[in-house]
Amino acid sequence: AIAELFQNAFPEALLAVFGKPRVPSQALVDLLSGVYRLEPGGFFIARRDDHPVGFMIATSRLGQLYRLLLVRGTILSMALKWGLGRYKGLGLDFLPRIGRLWWDYRKVEKQSGVAGIDAAQVLSIVVDPSAQRQGIGRELTKAALNYLRKTSAKIVRLEVDAAKEGPIKLYQAFGFKEVARLPTPRGPALIMTLPLH
């Protein structure tokens with residue numbers, strides 16, 4: 001259900017990176033499951049009638065998360081499944097775009113002064129359109145920040161589409177400040193940060 005919410009919320013991002021507005025759901029399920037196994041405390045789900053209508057995923061140490069996804073085999077397992085055709089339709093043409101995104105992100109990190117900081121990171125937040133404007137995004141953000149404040153993280157950062165006024169205002173209400181702009185295939189994104197202590 002979380003993978004489905006993600007796909008429905010970000011078709012333009014998936015199109016820009018993967019060349020299609022949807023990717024094989026199993027790839028997202030595997031990736032999200034790997035992240036969950038490494039930091040289950042960073043998952044927050046809003047439900048209506050026991051059905052997820054929103055979620056937020058945060059990690060207390062982004063650099064460590066990347067390393068653990070590699071060391072504990074999530075990335076290797078996904079690469080193997082991809083090679084065996086379990087993510088049918090994903091193809092190879094997205095790899096150069098992923099490389100470009102990573103390169104742009106690293107360059108912007110250096111310019112903004114957040115390079116080398118193993119900061120907490122909001123990885124994703126989604127609220128189903130049927131449940132928006134009901135305070136769910138605010139409650140998810142509050143829960144995630146409360147969780148992150150109990151960790152050793154000193155700062156939290158996130159990226160948000162520069163054209164999405166609603167989420168930007170939400171983050172600003174919690175005290176996030178823009179520190180840089182990141183070029184992405186679908187248009188600029190803001191990098192925003194918030195001290196946690």
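The values are calculated or read from the model by the stated rules, or taken from the named source; none is laboratory data. Quick caveat: nothing in here was measured; it's all calculated off a predicted structure. FYI the Cβ positions are ideal-geometry reconstructions off the backbone, even for glycines, and counts take in every protein chain you see. For accessibility, only protein heavy atoms count, side chains too; no ligands or nucleic acids. Shrake-Rupley method; radii C 1.70, N 1.55, O 1.52, S 1.80 Å.
May I have the count of lysine pairs in the chain with C-alpha atoms under 20 Å apart, counting pairs 8 or more residues apart or located on different chains? Close lysine pairs under the 20 Å cut-off: 13.
Starting from the residue with the highest accessible area, list R186, R37 in decreasing order, probe 1.4 Å.
Numbers: R186 100, R37 155 Å².
Sorted by accessible area, descending: R37, R186.
Per the Debye formula on identical point scatterers at the alpha carbon atoms of the range 1-69, with no solvent, log10 I(q)/I(0) at q = 0.14, 0.26, 0.27, 0.28 Å⁻¹ is -0.49, -1.20, -1.21, -1.22.
With +1 on each Lys and Arg Cβ and -1 on each Asp and Glu Cβ, how big is the dipole of the range 113-185 about its Cα centre, in debye rounded to the nearest 20?
On the way: 11 positive and 7 negative charges, 59 e Å.
That gives the range 113-185 a dipole magnitude of about 280 debye.
Think of a 1.4 Å ball rolled over the protein heavy atoms: the chain then has 55 Å² of accessible area per residue.
Percent relative contact order of the chain, based on C-alpha pairs within less than 8 angstrom and at least six residues apart?
On the way: 283 pairs, mean separation 46.7, N = 197.
About 24 percent, as a whole number.
What is the percent of Cα-Cα separations in the chain that go past 22 Å?
On the way: 9658 of 19306 pairs.
Here the long-distance tail beyond 22 Å is 50 percent of all Cα pairs in the chain.
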